[in-house]
Amino acid sequence: MDDLSAFAKHLREKLLTGRKALAHDYAETPNAPLYLTRHAALVDGVLNQLWLRMEFPPDITLAAVGGYGRGELYPGSDVDLLILLSQPEDAGLREKLSRLVGLFWDIGLEVGHSVRTVAECIEEAAGDVTIQTALLESRRLLGDAALYAAFQRAFQESFDVPAFFTAKRLEQEARYQRYQDTPYSLEPNCKESPGGLRDLHAILWIAKAAGYGNDWQALKARGLTWQDGYVQLQQCELYLQNLRIRLHLLTGRREDKLLFDHQEALAKRMGFAADADDTRRPSELLMQTYYRNAKRVTQLNTLLLQNIAVELMPAVSATIHPVNEWFQIAGDFLDVTRESVFDEHPPALLDSFWLMQQRPELRGMTARTLRALWRSRALITPAFRQAPENRRRFLSLFQSPQGVVHEFRRMNQYDILGAYLPAFGKIVGQMQHDLFHVYTVDQHILQVMRNLRRFAVEEFAHEYPYCSRLHNAFARPWTLYVAALFHDIAKGRGGDHSLLGMQDARAFCARHEVGEEDAELIVWLVGEHLNMSQVAQKQDITDPDVIAAFARRVKDARHLTALYLLTVADIRGTSPKVWNNWKAKLLEDLYRLTLRYLETDAPQEPQGIIQERQAEALRLLRYFALSDTVHERLWKQFDTVYFLRHTAEEIAWHTRALYYRIDIDKPVVKARIHPGGGLQVMAYTRDGPDLFLSMAGFFARTGYSIVDAKIHTTRHGYALDSFVLLNVADNASDRDMIAFIEAELAHRLEQGAPAEAPGSGRLSRQVRHFPITPEVHLHPDERGAQQVLSIIAADRPGLLFHIAAVLARHGVAINAARISTLGERAEDTFLIADPGSAQIASRLALEKDLLDVLQV
């Protein structure tokens, strides 16, 4: 080992010892700014010793750039260096610098370096705003001071501040797009995501380039921010610094994403713990704090960049059009007539959003209007909320023909909505690890409002034409938006959020003098907003008794239509993965069947329904040139339950496939594209044990998930099972899979092959880190003829097969199944033969075995 290698080993030990001491001191007394500056100073010392030991020529400068140049160094961050040359390097210097870089890594430094002359720095910076930004924060460590001063002069002389401002704004927009333009992702990047450290850095970079100062104090002194903004900038930056330091120390590397893997441990390290009255996990409390901080950062970023833009690039005086004493139109923006408007006339706070609704041609609010809004939030006091004028204005925001969602989002962005409705303020930034919501509660609520409003907009009528027609014919649709605002407002309080939300909605309607009929509808919708989804996805909606019970609950067509529209908007607002064509069809079918029931003076008896379906099936069969008697032999083998569970179209499909194969020995399998998406498969074979289990395994191995199953045994001992399948593997198109499924499944059934379990696959990280407690419930159906088995569990590959295996082992006959997947959460319902009250012990054993197999 040569002297330099031995010296590098010594420096490595010094660096490790120093970093351990820093981590220990930080754990004892967390102080982010002190940690960052001491870590940078530690690395400064190591680099200085190595540079001096290698005896570089005196006309070379070693400089820190980027965050390290700023004098801040996180535990896992790269050390960015510039080696500044007075002239291009020769072969000897190149070899020496190569040795230097190798020693950096030997010491344990992850270095990003560049070797350039002054001219090369200026040339590279001119073509790359990232390089320009890194050089903006340079700091000389060692070497030629005169050369470094020459570099700084040349760099400043070449700097085009307005162009830099524009480039950084565009860079921020591109960065936002990479992170879906939201601070509220489930696993945000605390450095790069909207609301992360980069948003604060961008402000300081532009301010420094413009000569406005290097820190928040300097921006305050220049009038670009105010005392409250100054304090919040410091608080937000300190929070993110501490979060990032702890994340790096926890993972032992440069990790900036708040992955599920780290959230729980990070929450505990940061002191989060749920108290006895709080049902949320520490990780949920951590993330709510993060989201609220991120929201505040995006607010401050918007305000300060607008303020800097006004100072840096004064616009040509815009034409002013007075609106009233408090507002004017400045160009394409709403402007306050003076910054004291809201102090003088607090109701103007809500008026500003109402005016934005009335004038859709406006592009936004001026910088001083946003600044005045931000500073006036505290004016929304209990007295403000009680003022009749303010209550009327707030209610009118729901009733505007345009701009409803835009302005409610703007009110939420600047904390006006949470100030006016304190209950809403409590759920801002609240995330739920329930395996299917991917938005915070406040963002989900606004997403539901957005989905409802899209039903009213002609440009989006093609998305859900039926919902659009219903919405446009619905009197006073603003009641739906109020219900949407309150439907999840009580999340996280403990107890039934629907019932608690009803109380909030009832109080709101009373305070805002909503008419009795509209208030009743709003409160009812909040209480019932989960019911239609549960009936559609968990019950057999071809059963007349199910429709009758649901119709009694909704009472009339107006309540039904309102609940249908809210339900569609709600499910679509949980996660892009949750909504699909199958759910859309289930809900529309339930709506149409219930509406028909409500509009019928005398609801049909089961026998009348059967006769009607049979007549419709015969009509469909005539399209295929089949005789009027072709069905007779087959239908004699079907009982009443078959005709009640299947639609007329399904009965006709089965009849076409089976009328000449009634007693066939070989299994018959037919598949087709289902109108709700996916495939519909029919299997007809002699009845035998474990048929459902065998077919569940086959479909899972083929890449399909069962979402609906109807299991029927004919009078002469044949199984006629129908399935609706969704392609989860996406290996091939549904149409391409039809022939394979028909041939392969028929072959397996004919061979009597034993059931084969699908591959176990991998659990999602979300399920691994936020498991839900499985639930099993067994209770009689409304007629007491069968048992309803309800299962809730974290979804995973092969789950249905393992459930079916337990049922088969206990000899349980499945008559029907509804398989519902909400993101990573499975909610399955099975209609099974009643095992009888004499078998209580076996029922308990069944429930225990199911719970065992549901555990992740």
For the stretch 131-272 the translational diffusion coefficient, Stokes-Einstein from a Kirkwood Rh over Cα pairs at 4 °C and viscosity 1.567 mPa s, in µm²/s, is roughly 75
Mean separation of Cα contacts under 8 Å (at least 6 apart) over the residue count of the chain, i.e. the relative contact order in percent, is 7
Hydrodynamic calc, the stretch 590-647: Kirkwood Rh from Cα pairs, then Stokes-Einstein at 10 °C with viscosity 1.306 mPa s, so D in µm² s⁻¹ is 122
Once Lys and Arg are counted +1 and Asp and Glu -1 for all other residues with Cβ under 15 Å from that of residue 13, the total becomes +4
Between the modelled labels at residue 636 and residue 611 (7 Å from Cα along Cα→Cβ) the distance in nm is 2.2
Expressed in nanometres to one decimal, the distance between label points 7 Å along Cα→Cβ at residue 557 and residue 377 is 4.6
A student applying the Cα gyration tensor rule (rounded when a/c is under 1.5; otherwise prolate if a/b is larger than b/c, oblate if not) would label the stretch 570-708 oblate
Checked the stretch 58-125 against the a/c 1.5 cut and the a/b vs b/c comparison, axes a ≥ b ≥ c from its Cα gyration tensor; verdict oblate
In the list (1) -0.40, -0.89, -1.15, -1.27; (2) -0.35, -0.84, -1.20, -1.34; (3) -0.32, -0.86, -1.39, -1.70, the entry giving log10 I(q)/I(0) by the Debye sum over Cα atoms at q = 0.05, 0.08, 0.10, 0.11 Å⁻¹ computed from the coordinates is (1)
Taking a probe of 1.4 Å and leaving out DNA, RNA and ligands, the stretch 1-147 shows per residue an accessible area in Å² of 46
Expressed in angstrom and rounded, the centroid-to-centroid distance over alpha carbons for the stretch 155-191 and the stretch 235-304 is 22
Scan of the chain for GluC sites (Glu not before Pro) in DSSP loops with at most 16 other beta-carbon atoms within 10 Å gives a longest site-free stretch of 514-755
Averaged over all viewing directions, the convex hull of the alpha carbons in the stretch 634-772 casts a projected area in nm² of 9.7
Note, residue 700: beta-carbon cut-off 13 Å, +1 each Lys/Arg, -1 each Asp/Glu, net 0
Taking every other residue with Cβ under 14 Å from the Cβ of residue 456 and scoring Lys and Arg +1, Asp and Glu -1, one gets +2
In this structure, among 636/666; 670/710; 191/295; 491/585; 491/583, pairs with alpha-carbon gaps over 18 Å are 636/666; 491/585; 491/583
So for R0 = 60 Å, FRET eff. of residue 664-residue 463 from the Cβ-Cβ r, to 0.05, ends up at 0.85
Mean separation of Cα contacts under 8 Å (at least 6 apart) over the residue count of the stretch 436-490, i.e. the relative contact order in percent, is 45
In terms of the alpha carbon gyration tensor, root eigenvalues a ≥ b ≥ c, rounded if a/c is under 1.5 and otherwise prolate when a/b exceeds b/c or oblate, the stretch 423-523 is oblate
Ignoring trypsin sites (Lys or Arg not before Pro) buried by more than 14 other Cβ within 10 Å or outside DSSP loops, the longest site-free run in the chain is 1-252
The FRET efficiency for residue 833 and residue 358, from their Cβ-Cβ distance with R0 = 56 Å and rounded to 0.05, is 0.35
Whole-percent tail of the Cα-Cα distance distribution for the stretch 1-110, cut at 20 Å, equals 44
Result for the stretch 628-687: accessible area per residue, probe 1.4 angstrom, in square angstrom, of 41
Over the chain, the sum of -39500 (n - 2.57) across DSSP H runs of at least four, divided by residue number and rounded to 500 deg cm²/dmol, gives at 222 nm -17500 deg cm²/dmol
The extension gain from residue 473 to residue 273, computed as 0.36 nm times the residue separation minus the Cα-Cα distance, is 67.1 nm
Residue 518 and residue 577 label points (each 7 Å along its Cα→Cβ direction) are spaced in nm at 4.0
Within the chain, the percent of DSSP beta bridges that are antiparallel, given to the nearest 5, stands at 90
Carbon plus sulfur, as percent of the 1.4 Å-probe accessible area of the chain, comes to 51
Rounded to 0.05, the calculated FRET efficiency for the beta carbons of residue 86 and residue 782 at R₀ = 60 Å is 0.10
Low-density loop chymotrypsin sites (Phe, Trp or Tyr not before Pro), the stretch 329-374, at most 14 other Cβ within 10 Å, DSSP non-H/G/I/E/B, are none
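The values are calculated or read from the model by the stated rules, or taken from the named source; none is laboratory data. This structure is a prediction, so every number in the text was calculated from the model and none was measured. Positions of Cβ are generated from backbone atoms using ideal geometry, with glycine treated the same way; all protein chains shown enter the neighbour counts. Side chains are part of the model used for accessible areas, which takes the heavy atoms of the whole protein and leaves out ligands, DNA and RNA. Shrake-Rupley method; radii C 1.70, N 1.55, O 1.52, S 1.80 Å.
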